[in-house]
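Just so it is clear, none of the values below were taken in a lab; they were calculated from the coordinates. Everything quoted here is computed from the prediction, not taken from an experiment. Cβ placement follows ideal geometry from the backbone for every residue including glycine, while neighbour counts extend to all protein chains displayed.
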């Protein structure tokens, strides 16, 4: 038998040592099937949490009975500021608000107004989940002026659902609208 020349021995050993690894390697893992599944086939969100707040420049918690400032916007309308914090709903959500008199009646805003928030575009990731990066305007489109709302109590309801889902998580706070400016 002819001996293997020493110059090709390292190359031959390297090639032969890698062959068993190629045969024993596991197949490429399949992608996550849930990525391509339609939204209704995705698992339900477990224990989402939602907080509603206020504050033009920074988060201010909104507790029941809190005073919320009426803002006269530069285009002549009126609004209040709202913010959300959420966990386990994700970084792509649809937000709606409903502001109704405590004693009942029609909303004073348009509850069909939707705001889409995305991580990096309206939502900031925090250690606990996500929160709005700036104040959201809840436009009080169904009032004529401050006399319709100042000093009165309303229920502010925030509804947040992952984009593509029709099952929102909601939170309500009783507020009093004030005009201190």
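First measure r as the distance between the Cβ atoms of residue 47 and residue 124, then evaluate 1/(1 + (r/R0)^6) with R0 = 22 Å and state the FRET efficiency to the nearest 0.05. Don't skip to the end; give the middle numbers.
Details: r = 21 Å, r/R0 = 0.97.
That gives a FRET efficiency of 0.55.
Within region 48-72, find all residues whose amide N lies under 12 Å from a label point positioned 7 Å from the Cα of residue 102 along Cα-to-beta-carbon.
64-67
For the pair residue 133 and residue 150, how long in nm is the line joining their label points, each one 7 Å along Cα→Cβ?
3.5
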